Amino acid sequence: MTKIIDGKAISQKIKDELKEEVARKKGEGKEACLAVIQVGKYPASTVYVGNKKKACAYIGIDSQSYELPEETSQDELLSLIDKLNDDPKVTGILVQLPVPGHIDEDTIIKRISPLKDVDGFHPMSVGALCIGEKGFVSCTPAGVIKLLKYSDIEIAGKECVVIGRSNIVGKPMSLLLLRENGTVTVCHSKTKNLKEVCKRADILVVAIGRPKMINEEYIKDGAVVIDVGIHRMENGKLCGDVDYESVAPKCSAITPVPGGVGPMTIAMLMYNVVSAM
Ligand code: GUN
């Protein structure tokens, strides 16, 4: 029987635990406030930002929302980040990506104080992860590790294959699996024999951004498959990077889309915000 990993239920459990922790920390006089900045009107971003603010309200922490017009200059955005960096009331800062083309994403990410970098995107945060020091960890890959742990899936000694090498998911994912003592292979667009490499995986994490690309031919019997992708199909339904119908019968455990990795990203953002209290 294939186990369907219920990210919605696990994320709810984490948020409920965080809610209690927030109440406890508030009792010690600690406060948290997440500042969320959105530049321009990307419909998906508006949904994500709304969900982040809702999650803050649920666990009992303040949030501030900055909805800036598309034509906001890079300097204006940097000034706002400087102001929030200096504001002791603000404990976490997040600039929703993507930003419009005239703004350089890396410059923005580097301007956020590493002490308030709850997305875990700052080079200092990534560097800390790389050398095993404390720091904020990128939320989606951190959520994948939590899903595996809550599902009692052992990582140590396992063949872990990550497809995708983005700074936000693939690279931190591989570092986290390595930290958990997995044997990690990272695949990307230039990887030769992708199917053969994937077929070695005990744990396959798919973050390629191509709808239903991974079918049963990429899967070893009994593998654990984690699907980070999310796409809207022409019929309006959501799907992942994995062709769920063909892959699910072959694996021991799999995340659905929606309801797998997606809800974990926000739960782990809340985890980072609470840890900054
Ligand atoms: N855009 C898509 N995912 C994310 C995320 O986790 N954080 C931010 N800031 N932007 C995103």
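Of note:
- Scanning region 218-275 for residues that are of a type outside the set (V, I, T), outside any helix (DSSP H, G or I), on the phi < 0 side of the Ramachandran plot and open to solvent by less than 30 Å² (accessible area, probe 1.4 Å) yields a count of 10.
- Qualifying positions in region 17-43 - of a type in the set (D, E, K, R) and either part of a loop (DSSP other than H, G, I, E, B) or loosely packed, with under 13 Cβ neighbours inside 10 Å (or both): E20, R24, E28, K30, E31, K41
- Some residue of region 190-197 being assigned to a strand (DSSP E or B) and under 20 Å from V161 (Cβ atoms): no
Residue by residue, here is whether (1) surrounded by fewer than 21 Cβ atoms within 10 Å (Cβ to Cβ); (2) under 19 Å from the mean Cα position of the chain (by Cα); (3) at pLDDT 95 or above holds:
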site	(1), (2), (3)
D152	yes, no, yes
A156	yes, no, yes
S166	yes, yes, yes
S174	no, yes, yes
L178	yes, yes, yes
G182	no, no, yes
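- Condition met for G120 (on the phi > 0 side of the Ramachandran plot, within 12 Å of the ligand (Cβ to nearest atom) and outside any helix (DSSP H, G or I)): yes
- Region 44-70, subset of a type in the set (V, I, T) and within 15 Å of L97 (Cα to Cα), residue surrounded by the most Cβ atoms within 10 Å (Cβ to Cβ): V49
- Of all residues in region 198-212, those being open to solvent by 10 Å² or more (accessible area, probe 1.4 Å) and either of a type in the set (V, I, T) or over 22 Å from T265 (Cα atoms) (or both) number 4.
- Every residue from region 125-146 that is within 16 Å of the ligand (Cβ to nearest atom) and outside any loop (DSSP other than H, G, I, E, B): S125, V126, L129, C139, T140, P141, A142, G143, V144, I145, K146
- For K195, the requirement of being farther than 30 Å from P43 by Cα and open to solvent by 50 Å² or more (accessible area, probe 1.4 Å) is met.
- Selection from region 13-51 of residues that are closer than 19 Å to L147 by Cα and either in contact (Cβ under 8 Å) with a residue 60 or more places away in the chain or in contact with a strand residue (DSSP E or B) (Cβ under 6 Å, 6 or more places away or on another chain) (or both): K13, I14, K15, L18
- Pairing residues of region 226-246 that are within 17 Å of D6 (Cα to Cα) and of a type in the set (S, T, Y) with residues that are modelled with pLDDT under 95 and not in a loop (DSSP other than H, G, I, E, B), at Cβ distances under 6 Å and at least 6 apart in sequence or on separate chains, gives no pairs at all.
The values are calculated or read from the model by the stated rules, or taken from the named source; none is laboratory data. All figures in this text were calculated on a predicted structure; none of them were measured in a lab. Here Cβ is always computed from backbone atoms with ideal geometry, including for glycine, and neighbour counts include all displayed protein chains. Protein only, heavy atoms only, side chains kept; ligands, DNA and RNA dropped before computing areas. Shrake-Rupley method; radii C 1.70, N 1.55, O 1.52, S 1.80 Å.
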